[in-house]
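Below: the structure, in C-alpha cells.
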Amino acid sequence: MKNWIITIAVIVVLGGAAAWFLLDKKNSAQSASATVQVQTTTAQKGKLEVAVSGSGSVTAPSDADVTAANTCLVIDSISVAAGDTVSKGDTLVTFKNGDVVTAPYNGEISSVSVKDGYGASQGTILLRMENEDGVKAPITRGDAGENSNRSSSGGNLTVDTVNVKEGETVKAGATLASFTDGSILQAPVSGTITSLDIKSGDYVQASAKVAHITDYKSLQTTISVDELDIPKVKAGQAVKITASAFPNETFKGKVTKVAKQGDSSNGVSTFDVTVKITDPKSLKVGMSTEASISIQSKNDALYVPVEAVYKNNNEKYVLVPSSSDDSGQSVQKVTVKTGITNDTNVEIIRGLKEGDMVQIPRVKSNSNSFQGQMMQGGQFGGGNRSGGFQGGGFQGGGFRPSGGQGGN
C-alpha cells in the first residue's frame, strides 16, 4: 500500500510539471506573436498651441465683510483752498453732522484732497498744511475739534436708517445705513448683499460686522501651476476654462495675477495663478474648474504627432516610408529641426513639407488582445512639465532605415 501511495504522488508531481511547462510555452508563444508594426500619418499645417493647465474653483474677487468701522462723515463745506494762510483754530472743514476740523497750528494750506459732499472715513486725509518751519503734515478726519459730535473710538453707534435690503445689488460707495451721530456706512465694493445684520435703533460696536457683500457678476478661478511652467505664464494671457458642472461648455478668461511666492510639497513647488472669467454665464461660486493658459501659438505651423519624432544624442529625426524593390517596408531616416510642442504635436521647422508621410510606431498583438502606441526609448517627449526630448533610437521590426536627409 505504501508503494502505491508513493507511485501516485510521483505521477501527480510529474503531471503538474508537464502541465506548467506546456502552459508557459503557450504563453511565451502568444507573447512572441506580438509584433511591432507601424502606422503612418502626414505632416499637416494649421494652428499649433502650447498651453499650461491647472485645476481650481470659482471664487468672487469682491467678497467683503462690512463693519461699522467703515463709517464716514459727509463733508458739508471746505473753508480753505491751497495757498491760504491760516491761524491755529481756524475752521478748515465742516461735516454735515456739525463736526469741524480746525487748524492745529499757524501755517499755509499746501493742498486740499477732498470736495463738498465727499464721505470721509476715520483717518482720511482732508488736506495738507505747512507750518512756519516749512514742515508739511496731513490733516485727517480724526483731527476734528471740540465741536465734534462723534462718539469716542470703540464706542457704540446708534443706527438711524437702513437704506438697503438683503439680496439687493449695490455699487461701491452706495449708502447702506446712516447713524445718529451723522455718519454713514458705504459699500466698500460692488455686489450683492448676502447678509444684513442691522436695523433702525440698533446699537452697534464700531468693529462689529453689519453686512457682507459678494460680487457674483465678476468671477475668477485660481489654479496651481508647476514651478517649471510658471516662467511662461504672464498677466494678460488668454485662458480657456471648463467646469465639471458644464462638461460641453467652454468659458473664456484672462490671467490677472501670478504669485511671486510658491507653495512647496514633496520637493515640488507650485504657484497660484489668478484668472478672471470674462464671461461667467451660469458659473457659480464654488464650482470646480480646469483652466488652460495659452502661452504660445502659431497659426500656420507645420506639425506631426510627437511620437513620430525621435532623438539620438543631439539629432532629431523622423522615419519616412520609401519605395523598396523587395518587401516595400523600408524607411528613410530624415533629420528634422523642431519648434514649439504640446502634449500631442510638435512643430517641424525644417526637414519636412506639408503632406510628407511619416511613420508612427505601435504594438499590435496577433491575437488582438491589445493594441496601442509603442512607447519605447528614443521617441520625442512632450508634456507640460518638461517639453523636452527623451531616449535614443527606435527599436523594432517591420522596417529598416536607409540613409538620412533633411534639416539640422
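Measure off, as a whole percent, the carbon and sulfur share of the 1.4 Å-probe accessible area of the stretch 213-341, all protein chains present. Carbon and sulfur atoms account for 43 percent of the accessible area of the stretch 213-341.
Net charge near Asp197, counting Lys/Arg +1 and Asp/Glu -1 over other residues with Cβ under 10 Å of its Cβ? Value of the local net charge: 0.
Couplings for the stretch 301-315, taken from phi via the Karplus curve 6.51 cos²θ - 1.76 cosθ + 1.60 with θ = phi - 60°, read 8, 8, 9, 9, x, 4, 6, 7, 10, 10, 9, 10, 6, 9, 9 Hz in order; Gly and Pro are left as x. Accessible surface computed residue by residue for the stretch 167-224, with neighbouring protein chains in place and a 1.4 Å probe, gives 44 Å² per residue.
Which of rounded, prolate, oblate describes the stretch 259-317, given a ≥ b ≥ c as roots of the alpha-carbon gyration tensor eigenvalues and a/c under 1.5 marking rounded, otherwise prolate only if a/b is larger than b/c? Here the stretch 259-317 falls in the oblate category.
Summing charges over neighbours of Val162, with a neighbour being any other residue whose Cβ is under 13 Å away from its Cβ, gives -3 when K and R count +1 and D and E count -1. Taking the 1.4 Å solvent-accessible surface of the stretch 29-131 as the whole, the part contributed by carbon and sulfur is 42%.
The values are calculated or read from the model by the stated rules, or taken from the named source; none is laboratory data. Just so it is clear, the model here is predicted, and its values are computed rather than measured. Note: ideal-geometry Cβ built from the backbone for every residue, glycine included; neighbour counts use all protein chains shown. Side chains included, ligands, DNA and RNA excluded: accessible areas come from the protein's heavy atoms. Shrake-Rupley method; radii C 1.70, N 1.55, O 1.52, S 1.80 Å.
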